[in-house]
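Computed from the coordinates by the stated procedures, all read-outs in this text should not be read as laboratory data. Computed from a predicted structure; not experimentally measured. Reconstructed Cβ throughout: ideal geometry from the backbone, glycine too, with neighbour counts over all protein chains shown.
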Amino acid sequence: MNFVTHLECANCGQRYEAGKVHNLCTVCNRPLWVKYDLDGLKQNFKRSDLTGRPFTVMQRYRELLPITNPDNIVSLSESITPILQCDRLAAEFGVETLLIKDESRLPTGSFKARGMMMAISMANEFGIKKVACPTAGNAGGAMAAYAARAGMEAYVFMPEDTPMINKKECFTAGAKTFLVNGLINDCGRIVGEGKKIKGWFDLSTLKEPYRIEGKKTMGLELAEQFEWELPDVILYPTGGGTGLIGMWKAFNELEAMGWLDSSKKPKMISCQSEGCAPISTAFEKGERFATLFEGASTVASGIRVPVAVGDFMILDAVRESGGVAIATPEKDIPKWMQLATSKEGIALCPETAVCLGALEVLLGKGTIKPTDKILIFNTGAAQKYPEAVQENLPRIDITKPIDWDKI
Ligand SMILES: *Cc1c(COP(=O)(O)O)cnc(C)c1O
Ligand SMILES: [Zn+2]
């Protein structure tokens with residue numbers, strides 16, 4: 001039993017039946033929303049129903065998720081992620097309240113687990129046995145892990161310069177993994193062509209409707225953790241955009257159900273690196289659709305997405321929220337990673353590092369105020385990116401006396 005009524009194209013509004021396999025809208029090739037009976041939810045699902053439920057994503061918020069039969073859930077036990085108060089880091093920026101929601105604790109070390117747990121669970125419900133996706137890194141790792149858990153065959157296509165750990169995690173999880181001499185959009189084209197020939201189901205970001213529903217749980221649990229009173233500002237590193245779009249969908253659904261105590265919703269800040277900034281470029285030009293970002297290059301591989309099929313959904317959410325889309329210098333990424341980790345012990349991924357760059361700029365412009373309640377998502381574990389840190393540590397030769405002046 002669930003509360004899904006139908007699916008609906010986010011661009012042209014075309015309706016699609018629930019309980020059937022869908023990819024993009026067949027009319028306009030844009031992503032689909034999963035729609036719920038929000039009145040029914042309002043009547044039948046109360047905040048107090050959460051009391052006593054397990055602190056795992058799938059169980060806790062099941063009425064707001066699309067699974068029909070719980071036996072079909074494919075899970076690695078996705079726990080509610082903690083929100084850490086960061087007073088030392090706040091002091092560096094001169095702000096009162098800086099919070100980090102640490103998604104690095106999820107299975108496979110990134111928030112991609114949320115999307116893939118849902119997409120693979122739904123694929124399982126539909127009896128799908130072979131899945132494929134293009135990846136900038138972590139999506140492939142998460143898909144490979146959940147496909148392994150489900151006993152499905154997985155095919156991953158990644159740029160040849162994807163971080164080493166992502167290659168190894170896909171390989172180890174038994175996914176058929178291919179290195180492509182192009183970017184994620186080139187990998188996406190291969191999956192698109194191969195799905196007819198090889199019979200894969202395409203799990204590309206936003207090309208199937210359920211990864212958003214998985215990412216939506218970030219917004220649901222955030223709202224619960226904040227006791228139904230959301231923070232003022234959310235900074236989020238944006239690649240394909242499912243995270244930001246999913247969270248905004250969560251806030252809108254909770255609002256419609258009357259679960260939020262205040263109608264004030266956070267300003268959503270979409271953060272990118274200047275090395276790959278299609279969304280911030282479109283935002284600045286006042287456009288709803290982004291153009292391909294030429295020569296995309298950033299060490300923050302998860303946001304190396306030069307073109308996003310859900311660009312307008314990201315830009316709509318950002319604008320509706322009163323937020324902005326911004327890009328900050330690529331060269332500062334290692335500096336921000338080190339600042340956050342050395343001040344707070346939180347292993348910040350390079351994607352989230354761009355959010356600290358954005359915070360600095362937006363405080364300077366007055367878009368974010370020092371008194372605002374500011375929340376940043378740490379979308380992945382820094383440990384997955386050995387390439388992003390140049391440590392060059394001094395060596396000690398145990399065959400010689402130790403030179404204590406150098407220590
Ligand atoms: C994929 C990814 C992102 C971007 O997420 P989207 O929801 O696709 O915009 C950010 N950070 C990390 C670590 C990622 O793996
Ligand atoms: Zn459409």
Revision key, fill the gap. Lys42: passes all of (1) touching a helix residue (DSSP H, G or I) at 6+ places or on another chain (Cβ under 9 Å); (2) of a type in the set (D, E, K, R); (3) without any contact (Cβ under 8 Å) to a residue 40 or more places away in the chain but (3)
**Study point:** Restricting segment 21-40 to residues that are under 22 Å from Asp71 (Cα atoms) and away from ligand 2 (no atom under 16 Å from the Cβ), the residue that is surrounded by the most Cβ atoms within 10 Å (Cβ to Cβ)
**Key:** Tyr36
Study note, to complete from the structure: Of the listed residues (Val305, Val318), the one being in contact with a Lys or Arg (Cβ under 9 Å, 6 or more places away or on another chain) and of a type in the set (A, V, I, L, M, F, W, C) is Val318
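If I filter segment 251-263 for residues that are within 17 Å of the chain's Cα centre (by Cα), of a type outside the set (A, V, I, L, M) and either within 16 Å of ligand 2 (Cβ to nearest atom) or not in a loop (DSSP other than H, G, I, E, B) (or both), do I get at least one hit? Reasoning before the result, please.
Filtering segment 251-263 for residues within 17 Å of the chain's Cα centre (by Cα) gives 251.
Right, trim to of a type outside the set (A, V, I, L, M) and you get 251.
This time we only want the ones that are either within 16 Å of ligand 2 (Cβ to nearest atom) or not in a loop (DSSP other than H, G, I, E, B) (or both), so: 251.
Checked segment 251-263: at least one residue is within 17 Å of the chain's Cα centre (by Cα), of a type outside the set (A, V, I, L, M) and either within 16 Å of ligand 2 (Cβ to nearest atom) or not in a loop (DSSP other than H, G, I, E, B) (or both).
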Review point. Within 22 Å of Lys373 (Cβ to Cβ), away from ligand 1 (no atom under 12 Å from the Cβ) and crowded, with 24+ Cβ neighbours inside 10 Å - does that describe any residue in segment 234-244?
Key: yes
Study note, to complete from the structure: Only one of (1) free of Cβ contacts under 8 Å to residues at least 24 places away in the same chain; (2) not in a loop (DSSP other than H, G, I, E, B) does not apply to Gly127, and that is (2)
Practice item. Output the residues belonging to segment 309-333 that are of a type in the set (A, V, I, L, M, F, W, C) and within 16 Å of ligand 2 (Cβ to nearest atom). Key: Val309, Phe312, Met313
Exercise for review: For segment 334-349, enumerate the residues that are in contact (Cβ under 8 Å) with a residue 60 or more places away in the chain, in a loop (DSSP other than H, G, I, E, B) and either surrounded by fewer than 24 Cβ atoms within 10 Å (Cβ to Cβ) or among the basic types (Lys, Arg) (or both).
Suggested key: Ile346, Ala347
Review point. Given the residues Leu84, Leu50, Leu65, Leu76, which is the only one that is hydrophobic (A, V, I, L, M, F, W, C) and surrounded by 19 or more Cβ atoms within 10 Å (Cβ to Cβ)?
Key: Leu65
Review point. Could you give every pair whose Cβ atoms fall below 6 Å, whose first residue belongs to segment 246-274 and is on the phi > 0 side of the Ramachandran plot, and whose second residue is surrounded by fewer than 22 Cβ atoms within 10 Å (Cβ to Cβ) and of a type outside the set (A, V, I, L, M, F, W, C), counting only separations of at least 6 or pairs across chains?
Key: Gly258/Lys42
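Matching residues to (1) more than 16 Å from ligand 2 (Cβ to nearest atom); (2) of a type in the set (Asp, Glu):
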residue	(1), (2)
Ala147	yes, no
Ala154	yes, no
Glu169	yes, yes
Leu206	no, no
Arg211	yes, no
Lys215	yes, no
Ile234	yes, no
Pro237	yes, no
Leu244	yes, no
**Study point:** Number of positions in segment 223-250 that are over 20 Å from Arg62 (Cβ atoms) and more than 16 Å from the chain's Cα centre (by Cα)
**Key:** 7
Study note, to complete from the structure: Checking Thr379, Thr352 in turn, the sole residue that is in contact with a helix residue (DSSP H, G or I) (Cβ under 6 Å, 6 or more places away or on another chain), buried (at least 20 other Cβ atoms within 10 Å of the Cβ) and either in contact (Cβ under 8 Å) with a residue 40 or more places away in the chain or closer than 23 Å to Leu206 by Cβ (or both) turns out to be Thr379
Check your understanding: Could you list, in sequence order, the residues of segment 9-20 that are surrounded by 15 or more Cβ atoms within 10 Å (Cβ to Cβ) and more than 9 Å from ligand 2 (Cβ to nearest atom)?
Key -> Tyr16, Ala18
Practice item. Provide a single number: the residues in segment 249-301 that are more than 28 Å from Ile333 (Cβ to Cβ), of a type in the set (Lys, Arg) and surrounded by 19 or more Cβ atoms within 10 Å (Cβ to Cβ). Key: 2
Review point. Out of (1) buried (at least 20 other Cβ atoms within 10 Å of the Cβ); (2) over 15 Å from the mean Cα position of the chain (by Cα), what's the single condition that is false for Gly310?
Key: (2)
